[in-house]
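The values are calculated or read from the model by the stated rules, or taken from the named source; none is laboratory data. Note that the structure is predicted; figures quoted are calculated from it, not measured. Quick reminder, even Gly has a Cβ in these numbers, built from the backbone with ideal geometry, and neighbours come from all protein chains shown.
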Amino acid sequence: MSKNAPEAQQTLESFGYTQELKRSMSTLDLVVYGLVFMVPIAPWAIFGVVYNAASGMVPLVYITGVVAMIFTALAYAQMSKAFPIAGSVFSYVGRGIHPTVGFFAGWAILLDYLLVPTLLYVFAASSMAGIFPDVPQWIWAVTFVIVNTVINVLGIGSIKIANRAMLAIQLAFVVIFVVIAMIALNAGTIPGAEFTIAPVWDAEKVNPALIATALSIAVLSFLGFDGISTMAEESTGDRKSGGRAMIIALLVVAVLFVAQTWFASALAAGTIAFSDDDVNNAFFLLVAQAAGSG
């Protein structure tokens, strides 16, 4: 049992609870949970849409997004320290303001926790359908729902293992993409493609309206780090572990988002905008061209 367990038990009792959940989530486990929830390869699915909306400055959009999200994460960190109990926004608002307000806030945040997995199922099914076109998308979606349900029913132990496996797979894909992109840029596989500062800042194009429009889409990729707060009663750390894990997960995923979209924007070779037919598969089309199969 963790040395923080007695202290955690006393903390729960001060809020009128008795420890019933198994404390088995270390700070690293919480970080992994947050990363998997945000999905390190999330930009792949919306790269074309964000690219068009941001006039090619996709990395700038994600940099702007993480700055805004850091303030949200800091607020969550303070609340998780003050109320180290499960329930996330429901508990924070209910105990900080009023139970009735907390009830409505809880239902509002629940929409987030319903929306994110739903989007992931759609994106994942779409990606698998691109790899296996003969299999209908709905079959992939149903399969992912069933697998996810079984993992959750088996308990926190299975979730930890599944999270680590899924994160490892995604990071492997990120590494593979970066290697392909670097080789293509060095070899000149795509005419005109080069690694420049333009995707991060182009004074002739950047303006508040442009960034705001693209940010409203890209910010969806950051949804999920707050899910770490729901693990408060399963954390083996102190009152600060949840907030610490949120900040770390947010910064790590931001670096991954910026790096991937910067390389992808470089591969786009100054493309003004992707056509309606290519916008949803823009990232994969660029990878195919970089690999010499496009």
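Every residue in the stretch 192-227 that is free of Cβ contacts under 8 Å to residues at least 60 places away in the same chain and of a type in the set (F, W, Y), please. Result: no residue meets the conditions.
Name the single residue that is surrounded by the most Cβ atoms within 10 Å (Cβ to Cβ) among those in the stretch 210-241 being in a loop (DSSP other than H, G, I, E, B) and of a type outside the set (K, R). Restricting to residues being in a loop (DSSP other than H, G, I, E, B) and of a type outside the set (K, R), the top hit is G224.
Does F83 meet the test of being surrounded by fewer than 18 Cβ atoms within 10 Å (Cβ to Cβ) and either more than 19 Å from the chain's Cα centre (by Cα) or under 17 Å from A249 (Cα atoms) (or both)? Taking the combined requirement at face value, the residue does not satisfy it. The combined condition, being hydroxyl-bearing (S, T, Y), modelled with pLDDT under 90 and in contact with an Asp or Glu (Cβ under 6 Å, 6 or more places away or on another chain), is not fulfilled by Y92. Within the stretch 118-155, no residue satisfies the criterion of being at pLDDT 90 or above, more than 22 Å from the chain's Cα centre (by Cα) and surrounded by 15 or more Cβ atoms within 10 Å (Cβ to Cβ). Restricted to the stretch 81-172, the set of helices (runs of 4 or more DSSP H) holding at least 3 residues that are among the small types (G, A, S) and either under 19 Å from V32 (Cα atoms) or without any contact (Cβ under 8 Å) to a residue 40 or more places away in the chain (or both) comprises 89-96, 99-131.
Among the residues making up the stretch 38-60, those that are in contact with a Phe, Trp or Tyr (Cβ under 7 Å, 6 or more places away or on another chain) and in a helix (DSSP H, G or I) are M38, P43, W44, A45, F47, G48, Y51, N52, V58, P59, L60.
Kindly provide the set of residues from the stretch 175-191 that are touching a residue at least 12 places away in the same chain (Cβ under 8 Å), part of a helix (DSSP H, G or I) and surrounded by fewer than 17 Cβ atoms within 10 Å (Cβ to Cβ), ordered by number. Within the stretch 175-191, V178, M182, I183 qualify. Given the structure, is F263 within 10 Å of the chain's Cα centre (by Cα) and part of a helix (DSSP H, G or I)? Here the answer is no, as F263 does not meet what is asked. Screening A282, A254, A288, A259 for residues that are closer than 25 Å to L167 by Cα, touching a Gly at 6+ places or on another chain (Cβ under 6 Å), crowded, with 16+ Cβ neighbours inside 10 Å and not hydroxyl-bearing (S, T, Y) leaves exactly one candidate, A282.
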